[in-house]
1. Out of region 150-165, which residues are of a type in the set (Asp, Glu) and either surrounded by 17 or more Cβ atoms within 10 Å (Cβ to Cβ) or not in a helix (DSSP H, G or I) (or both)?
2. Just one of 48, 22, 38, 58 is of a type in the set (A, V, I, L, M, F, W, C), under 27 Å from residue 133 (Cα atoms) and either in contact with a Pro (Cβ under 9 Å, 6 or more places away or on another chain) or surrounded by fewer than 17 Cβ atoms within 10 Å (Cβ to Cβ) (or both); which is it?
3. Taking region 89-117, which residues are within 21 Å of residue 155 (Cβ to Cβ) and either open to solvent by 20 Å² or more (accessible area, probe 1.4 Å) or free of Cβ contacts under 8 Å to residues at least 24 places away in the same chain (or both)?
4. Take the residues in region 166-204 that are part of a loop (DSSP other than H, G, I, E, B) and among the hydroxyl-bearing types (Ser, Thr, Tyr); name whichever of them is farthest from residue 109 (Cα to Cα).
5. Can you tell me which residue is modelled with the highest pLDDT among those in region 6-19 that are open to solvent by 20 Å² or more (accessible area, probe 1.4 Å) and either among the aliphatic types (A, V, I, L, M) or in contact with a strand residue (DSSP E or B) (Cβ under 7 Å, 6 or more places away or on another chain) (or both)?
6. Applying the selection to region 166-176, what residues are within 21 Å of the chain's Cα centre (by Cα) and either at pLDDT 85 or above or open to solvent by 70 Å² or more (accessible area, probe 1.4 Å) (or both)?
7. Six or more apart or on different chains, Cβ under 8 Å: which pairs go from a residue in region 60-84 that's without any contact (Cβ under 8 Å) to a residue 24 or more places away in the chain and closer than 30 Å to residue 169 by Cα to one that's open to solvent by 50 Å² or more (accessible area, probe 1.4 Å) and in a helix (DSSP H, G or I)? Could you list them?
8. Considering only region 61-76, state which residues are assigned to a helix (DSSP H, G or I) and open to solvent by 30 Å² or more (accessible area, probe 1.4 Å).
Amino acid sequence: MPKFTLSNLEGEKDSLTGNLTFTQSKEYRYGMVIYGIFYCTSMLADDFGQDWFTIPGFIIAIVALVAAYFPYSFAKKAGTAHLKKEEIEIDLDEQANFEHMPDSPVKLDELNEININIVSSFRWWSSYIILQVIINKDGEEKTFGVVIKNRKQEAQYLEVLESWYRAGYPVKEITGSGFRVFKLNQGQNYAEVQKIKKKYGIEW
């Protein structure tokens, strides 16, 4: 039974995409402020006779820019999420009480919608993916976060996700920019989308 870090992932929706995105994290906001300050300071260093600061300033700016794209505050552990073929069990840490999270277990066949928002995804030498799961049952929305930390967990997640699609549950995966994807992958062409729709009987 795959177990993943449960995150208290709730926040204001982005005005452009309607989704929670990594740009709303503390890391992004602080990182971009630091980047802007040190980048501008480095650009003006020569004018103020502080040319020795140019290279260190640019290095700090670049480090801050890179750090801005890693929303670790969104991955703070709030418990454990057990993803199963027919349900999701949510085990909250002691003293944790979040009204926006659903009661456990979540029976997938009772849901009207299962929206999986890919908040952040790094899949280069390993995997680090932050997902926001929004479920709708009889018009009531609940939400929680799931953190995938490595390739093994990614494979386990995709196996469960495959079973959800095959069972016909109303799953819809969306990127932070608002694009529809299938099993985390972006860039499907028209022919691939048609095959997916036919194979799993889903709407795109």
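1. Hit for region 150-165 is 154, nothing else.
2. 22
3. Listed by number, the list holds a single entry, 89.
4. 177
5. Ranking the qualifying residues of region 6-19, first place goes to 8.
6. 169, 170, 171, 172, 173, 174, 175
7. none
8. 62, 63, 65, 66, 67, 72, 73
The values are calculated or read from the model by the stated rules, or taken from the named source; none is laboratory data. Predicted model, so just to flag it, every value in this text is computed and none were measured. FYI the Cβ positions are ideal-geometry reconstructions off the backbone, even for glycines, and counts take in every protein chain you see. Keep in mind that these areas ignore ligands, DNA and RNA; they rest on the heavy atoms of the full protein, side chains included. Shrake-Rupley method; radii C 1.70, N 1.55, O 1.52, S 1.80 Å.
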